[in-house]
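The values are calculated or read from the model by the stated rules, or taken from the named source; none is laboratory data. Since we're looking at a predicted model, the values are computed, not measured. We place every Cβ from the backbone using ideal geometry, glycine too, and count neighbours over all the protein chains shown. Remember, those area values only see protein heavy atoms, side chains included, never the ligands or the DNA or RNA. Shrake-Rupley method; radii C 1.70, N 1.55, O 1.52, S 1.80 Å.
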Amino acid sequence: MEYNFRSIEDKWQQRWKETNAYKVSNDTAKPKYYVLDMFPYPSGTGLHVGHPLGYIASDIYARFKRLKGFNVLHPMGYDSFGLPAEQYALETGQHPAVTTEKNIATFRSQLDKIAFSFDWSREVKTSDPAYYKWTQWIFLQLFNSYFCNTEKKALPISKLIHKYETKGAMPRNGDPVPGKHFTADEWKAFSKKEQEDILMKRRLAFSSYGEVNWCEALGTVLANDEVVNGVSERGGHPVVKKQMRQWYLRITAYADRLLEGLEKVAFSESMKEMQRNWIGKSQGAEISFELAANNSKLVVYTTRPDTIFGVDFMVLAPEHELVEQITTADQKEAIEKYLTYVKSRSERERMSEVKQVTGCFTGAYAINPFDGRKIPVWIAEYVLAGYGTGAIMAVPCGDQRDYTFAKHFNIPITNIIGDHYKGEEANATKDAVLENSGFLNGLLMKDAIGIAIDKLEEMGIGKRKVNYRMRDAGFSRQRYWGEPFPIIWKDGIAYPLDEKDLPLELPHVEKYVPGPEGEGPLANITEWVNLTPSLSDLTPDPSPNERGAEDQNIPGYFTSSEKEWKNTFLFAKANRKHLTEEEDILWQELRNRKVDGFKFRRQHPVAGYIPDFICLEKNLIIEVDGGYHNEAEQKEFDAARERWLVENEFNIIRFSNDEVKNDIQKVLKTIAEKLNEEKILHSAWSDSPLPGRGVRGEVKRETSTMPGYAGSSWYFLRYMDPHNDKTFCDRKASDYWSQVDLYVGGTEHAVGHLLYSRMWTKVLFDLGLISFDEPFKKLLNQGMITGRSYFLMLDNAAGKKIVSYKKEDALSTSVRLKYGHQFVDNSGRLSKKIFDQQIEKGLFEMPVYEIEWEKDTDGEFIFVKEESEKMSKSKFNVDNPDDLVERYGADTFRMYEMFLGPVEASKPWDTKGIEGVHRFLKKLWRLFFDELKGKIWSDEKASDAELKVLHRSIKKIENDTETFAYNTAVSAFMVAVNDLADLKCNKKEVLEQLLVLLTPYAPHISEELWSALGNNGSILDAAYPVLNEKYLIESEKDYPVSINGKVRTNISIATDLEQPEVEKIVLANEVVQKWLEGKAPKKIIFVKNRMVNIVI
RNA sequence: GCGGAUGUGGCGAAAUUGGCAGACGCACUAGACUUAGGAUCUAGCGGAGCAAUCCAUGUAGGUUCGACCCCUAUCAUCCGCACCA
């Protein structure tokens, strides 16, 4: 009987499927354990060998914990929204939903072959409306929350509104600043829009105009972590800064808690450090400097207020708002020239020429508050507008950038640190004693920092300030394939959709081209975007009462369904064909901008109300009332409607039919007067020339979609309760499963996904929706599997011909067959001789993947180097796991990936070694079955030697598995099987235990042999072997004996002997005698159970 | 430039955390069994040397009876951040 892995693996995969072997219940008395993999983006290229590495690692752990008696949640799903599917759709016209489904099917079949213990009944897909309904729902929670700075947590926005209504927003001390502070009464007097604008500045998910990373090629905005060196992470397209309205997450509010949270999670130090760097907290001070010839003040941020006497110049970012104001007449031209230069440079250029020194003097001077010195004010690119105050005080003796700048522009340098500054470079020390520093003289810099700030605060010209490098996270993308925002814009106000209207599903589109003015493809679908209030809103839903509206007569337009709004739109359109005689008279006078050039529309819906005429520019509504407006009921309704319109800052003039008919000139005069009244010009509209909020009177959907990290920020919660349509995750389920105990994935998500999901978790915790505020207890980063590349270069007589080539086993199968064998000797190494022969035959037409050039001393022919690079399809070094599974089986593949090296380390992929693991499994098989004799295992009692092998293995493998040292665990299996084979051990007693140890690693073969041994139940639920130390105790040990630290011999000594006896035995030994050469040892060191060292 | 990590045979890697450096596997060499070997088994395999022995964990120092392991400097590679004041 041979080890026929194909039939064994097929059989058990089938069996496990039939028995729902991996189904996990939320309802059990067992302790829980949650093992999670970072779910994949289902790309079109399918799985490569790097993918399963983490999945296998987590799968082994999940199975191990299950054997140890835990109820293990080990789910899998797909991060199925994202750019590539949409790019593909742009190129081929295939709907992303279709290609995504296809890719998922491929992934699934590949994953199934490797036999992961995923509970597929819990699968989630972020692009599934049943899933993104809750992504949208959580977005609404973010939208409806603000960060309370006193409680340091998220609270419902209603609490803030209540505060504004009762107390307003007033400063704790000092005078209120107009535009910033307001009283409760002032709040109440604000228009709806003004109030909403203020609230928007506090919401956790908020909309704002800002500078964003705009990628023209992708037609979208990218987050900071999606931009690498000025180009897009995906595709490497140029990225420019652009002003646009965007959604953001107020992650900066959580900066401190995200930092603190790192203390209590088990992430690798480098991972934590990356997050800390990203958050970039720094302590310092804001100092304001008087300007010499100007009333305004210049505020700078510095971490080193102790160096204030060393300030030799100031530098503003070129974009700084004061630049124009302070530039003197004679410097104006130079400054303008410089600004033009700065603007001409792309982000990419600025980044790539980091060390270039540029700048320009403004002509202005600031005054040092302590010694009154005049300090020239410059502008320069090296100061960033977005950090701190966008202005710095430059201390050239202490800061290298300032030093370089001063040298370049010949600005004299003041030395305040004595010998620490040598004049050749800056010294950023904090250990110097200050000189030339007024009241700080003689102080250690470290100590002077606090003293300087105290003094500044006392003088009222500075204060302590903490700064963060992290910015609020851009949360909208001008793309199609993402979660639509459950937001409707009306009159520049963002209204959230009602919960019952979720999910807001993606509409179908024909084309994926960007919309107008940088908007996403959704903007092209007018019937989806444009929402018109409905006539039936006269009986709004929910009713004003239900909404808690103050005025019960004001309809609740914004909660109406989209269908109803559409009806209104159609109704208004129909109305235009049926004007009354009087309406027609007036229309003829108003149309074509006849009245002072103002544009009027007729029968144009405003929410659910369709006025006769409207000038949107001036918010002026003209009504021509027929007879029925005199009826009591209609009068009442008109009044309510009018109140609502006035509240929303519309002006209404009513004319009777008679007025229009009899004196049209008087009517027009009244209208013209009203139009020209200054006060009816609405400020909120005039200050907003930027696109994206719609035009007054229009009701539109938000057309951008959420970024990739939206769905992945909370998916770990959905797995706990994946089919719930009442809530995102039942509280009972999230209380039971709680945090993810083990999270496995790549380091590439260090600052993106991990920070976002940590923030979401904290918000959900603050709002009382879950009971923990860190999502992942322990994070295990699998290393990258790299492909190995070899390069060969050829410089022949005919000119430079460069041939690049990858080592045979790193080539894809097809290329290997075609070319690979031609350049390696029979040891698989590159061979110059063989290569030379190929050259003679003219066989060097190889695909060139990469060009490297290096000259050897003697030659035309140069073998350059071997190097590792990231696995990727484009680099041509991918090995498909399917091929390997097909050839060796899943068990071999799983064990081999683990045997490659430590899980965390990145390592080159090399399939050569897989044979060794495969041999091991065959050797294991032969302990049970003999080719000729068939079954050879027996029920005989195991010997002590055999039990020792077993228990030694239990100890090593259990410990290694627990600590993720899978590579050494695999070698321990090999040692065990080698030893048992040497002992000719075929005893069930031993083998059975070994199978349980093995099943997390190689589930098929262990299940097969387990059942062959006559066990009824599945090995998946067997009990993990228990170590019995008594089998490991030795009576004798081979002690290594060293002379002066060098091992000279081994002597077998009973383990219970103490130093005196041991010394006697050792000194009697002839090898030791020889080294002693008759001398007496100075000292003998004896470590029990370890070694003996004799010092001569 | 800053931060994090890693340097051990031809290759992937071990080393109970200061105690026999190179477990385990690949590759390679020799042999056995075979019609055959891409099956299996046996032996060898860091370098030098016939050998005793000497030299070897990036390099140079140090601590220690003893260092891959701890300390100091230095070089190289990888990853992350990058004019963040």
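Just so you know, in the stretch A:945-954 the residues that are touching a residue at least 60 places away in the same chain (Cβ under 8 Å) and out of contact with any Phe, Trp or Tyr (no Cβ under 7 Å at 6 or more places or on another chain) include one that is farthest from RNA strand B (Cβ to nearest atom), and it is A:LEU950.
Restricting to the stretch A:259-275, and then to whatever is in a helix (DSSP H, G or I) and among the small types (Gly, Ala, Ser), can you tell me which residue is nearest to A:HIS749 (Cα to Cα)? Out of the qualifying residues, it is A:SER270.
When the residues of the stretch A:471-503 are filtered to those that are open to solvent by less than 10 Å² (accessible area, probe 1.4 Å), part of a loop (DSSP other than H, G, I, E, B) and among the hydrophobic types (A, V, I, L, M, F, W, C), the one that is nearest to A:TRP528 (Cα to Cα) is A:PHE485.
Residues that are over 21 Å from A:LYS1088 (Cα atoms) and within 11 Å of RNA strand B (Cβ to nearest atom) do occur in the stretch A:984-1006.
Where helices (runs of 4 or more DSSP H) fall wholly inside the stretch A:1-112, the ranges with 1 or more residues that are of a type in the set (D, E, K, R), surrounded by fewer than 19 Cβ atoms within 10 Å (Cβ to Cβ) and in contact (Cβ under 8 Å) with a residue 40 or more places away in the chain are A:5-18.
Applying the criterion of being among the hydroxyl-bearing types (Ser, Thr, Tyr) and touching a residue at least 24 places away in the same chain (Cβ under 8 Å) to the residues of the stretch A:959-975, the residue that is farthest from RNA strand B (Cβ to nearest atom) is A:THR961.
A:ALA942 satisfies every condition listed in (1) in contact with an Asp or Glu (Cβ under 7 Å, 6 or more places away or on another chain); (2) away from RNA strand B (no atom under 13 Å from the Cβ); (3) closer than 19 Å to A:PRO1000 by Cβ except (3). The helices (runs of 4 or more DSSP H) found entirely in the stretch A:345-464 that carry 1 or more residues being open to solvent by 20 Å² or more (accessible area, probe 1.4 Å), at pLDDT below 90 and away from RNA strand B (no atom under 13 Å from the Cβ) are A:400-408, A:445-459. Restricting attention to the stretch A:739-770, the residues that are without any contact (Cβ under 8 Å) to a residue 60 or more places away in the chain and within 16 Å of RNA strand B (Cβ to nearest atom) total 1. Just one of the listed residues (A:LEU1032, A:LEU1013, A:LEU1027, A:LEU995) is under 30 Å from A:LYS65 (Cβ atoms) and modelled with pLDDT of 95 or more, namely A:LEU995. Screening A:LEU932, A:LEU924 for residues that are open to solvent by less than 20 Å² (accessible area, probe 1.4 Å) and out of contact with any Ser or Thr (no Cβ under 7 Å at 6 or more places or on another chain) leaves exactly one candidate, A:LEU924.
Restricting A:LEU1057, A:LEU1076 to those that are more than 30 Å from A:LEU994 (Cβ to Cβ), hydrophobic (A, V, I, L, M, F, W, C) and open to solvent by 30 Å² or more (accessible area, probe 1.4 Å) reduces the list to A:LEU1057. Counting only helices (runs of 4 or more DSSP H) wholly contained in the stretch A:877-930, the ones carrying 2 or more residues that are at pLDDT 90 or above, of a type outside the set (S, T, N, Q) and within 11 Å of RNA strand B (Cβ to nearest atom) occupy A:890-899, A:914-928.
Inside the stretch A:276-317, residues that are buried (at least 22 other Cβ atoms within 10 Å of the Cβ) and either more than 9 Å from RNA strand B (Cβ to nearest atom) or in a loop (DSSP other than H, G, I, E, B) (or both) make up a count of 12.
Across the stretch A:739-747, a minimum of one residue is classified as under 23 Å from the mean Cα position of the chain (by Cα) and of a type in the set (Gly, Ala, Ser).
A:ASN71 fulfils the conditions (1) under 29 Å from the mean Cα position of the chain (by Cα); (2) of a type outside the set (Phe, Trp, Tyr); (3) within 26 Å of A:LEU754 (Cα to Cα) except for a single criterion, (1). The lone criterion from (1) closer than 27 Å to A:LYS11 by Cα; (2) in a loop (DSSP other than H, G, I, E, B); (3) open to solvent by 40 Å² or more (accessible area, probe 1.4 Å) left unmet by A:LYS984 is number (1).
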